[in-house]
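Values quoted throughout were computed directly from the atomic coordinates according to the rules given, and no laboratory measurement underlies them. Everything numeric here is computed off the predicted structure, so don't read it as measured data. In this analysis, Cβ positions are derived from the backbone assuming ideal geometry, glycine residues included, and neighbour counts consider all displayed protein chains.
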Amino acid sequence: MVQELIKNAKRIVFKFGTNVLTADEGGLALSRIYAFMEDMARLKAKGKEIIVITSGAVGLGAQRLGLKEMPDLVSIKQACAAVGQCRLMKFYEDGFAALGLTTAQVLLTEDDFSIRPRYLSLRDTLSRLLELGVVPIINQNDTVSTNELRAYKQNGVKVCFSDNDKLSALVAGGLDADLLVILSDINGLYNADPRKDKNAKLITEVKQVTPEIEAAAGGASKRGRGGMRTKLEAAKVATHAGCAMVIANGKKPGALGRVFTDEFEGTLFKPVADLPGKKVWIAYSTNMTGGVTVNSGAFKALTQKGASLLAAGMTGVAGEFDVGDIIGIFDESGVEFAKGMVNYSSGDCAKILGCQSEEIAKKLGGKNYDEVIHRDNIVVL
């Protein structure tokens, strides 16, 4: 039987990858896209709320501009995105309009997630669109945001998303969605690479994304297994926000509709937690420019007792950050095990390393907080 949590999902985010939206010979796979829209319209008629995360703008733009190969230069890719997004949105708008539905275009950058007032404004806007019966069509704004167009990690900055898999999970988590459906050109998660191992078996259900699961999916690979690495990252975000996630092969006829029937073929990731909205934001929606290292005592206090981080537990500071920034918290071996909203800048943290709380005022000439990071603003990963 189809999982009840899929059948009962009310707010659903659909993510369509470029390989699903484009035909083998190039251009949009029009019949496939319209079939997706018809299935989503049927779900909406049943009272479901639908959000679409779409890729494909860069490829469409390159085709429209007559480029025979995908350009390497980021600025050219940005130009392609600007041209292609118009065409992509027109297909969605015309297709849904023919089905009696209204769409809205929403283009996002990492700042829309990492800057909390913008994040809250985004949540409000998307919630209002859903209340009005609109189908939001969301894409990363590649014309101004380059993170998806290149492997982006510079000057120690860890960005909150660099692909639409992670973007779809952030949207799902931020909107308290019940289900995230990622349709790609793969059947789901396998216990080995099916391209290399004929005995590889489809994993139909995942209760938690463990290191073993990541290893089976080729987590160390830059590309992953058919993009599986980024999908597992998305699964972590979605499931920790209380949202189930499905991976299915969108190239198979009727793939979207079958997700909601007993004929479903793919991988279901079950929710493992239901973090409050603020902690979802801290854990997954923010850029990080630095972090602190803590001793074993602080590690145990944070992970086992849910304690605040005190200056006495810090042994090192990395990067630059200001009061209110989200930083990583690392153990003595350099493994990040938590994130938190910090009460002191990186410069002040360096001055109070290992200090008792009563010594902070003397070191800094004043004290606003006893805690470097309050327990309410810490998320153990």
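Data for the structure
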{"item": "Å³ per residue enclosed by the Cα convex hull of region 4-280", "result": "135"}
{"item": "Region 222-298 pair-distance distribution - Cα-Cα, 5 Å bins, rounded %", "result": "3, 12, 16, 16, 18, 15, 9, 4, 2, 3, 1, 0"}
{"item": "Cβ-derived FRET efficiency at R0 41 Å, Glu131 paired with Asp24, nearest 0.05", "result": "0.55"}
{"item": "Greater than 26 Å apart at Cα, pairs in Lys15/Lys207; Lys279/Lys300; Lys68/Lys236; Lys90/Lys279", "result": "Lys68/Lys236; Lys90/Lys279"}
{"item": "Simple Cβ-charge dipole of the chain, Lys/Arg +1 and Asp/Glu -1, about Cα centre, in debye nearest 20", "result": "460"}
{"item": "Exposure proxy order (Cβ contacts within 10 Å, fewest to most) of Leu60, Leu180, Leu30", "result": "Leu30, Leu60, Leu180"}
{"item": "Region 1-50-region 111-132 distance, computed between alpha-carbon centres (Å)", "result": "23"}
{"item": "More than 28 Å apart - percent of Cα-Cα pairs taken over region 227-381", "result": "33"}
{"item": "Ranked list, fewest to most other Cβ atoms within 10 Å of each Cβ, for Glu131, Glu49", "result": "Glu131, Glu49"}
{"item": "Between region 353-372 and region 290-312, the alpha-carbon center distance in angstrom", "result": "16"}
{"item": "Sorted by Cβ density within 10 Å, fewest first, the residues Asp197, Asp376, Asp331, Asp165", "result": "Asp197, Asp376, Asp331, Asp165"}
{"item": "Loop sites in region 37-84: trypsin sites (Lys or Arg not before Pro), DSSP, at most 12 other Cβ within 10 Å", "result": "Lys46, Lys68"}
{"item": "Cα gyration tensor of region 288-380 - equivalent ellipsoid semi-axes, whole Å, descending", "result": "18, 14, 12"}
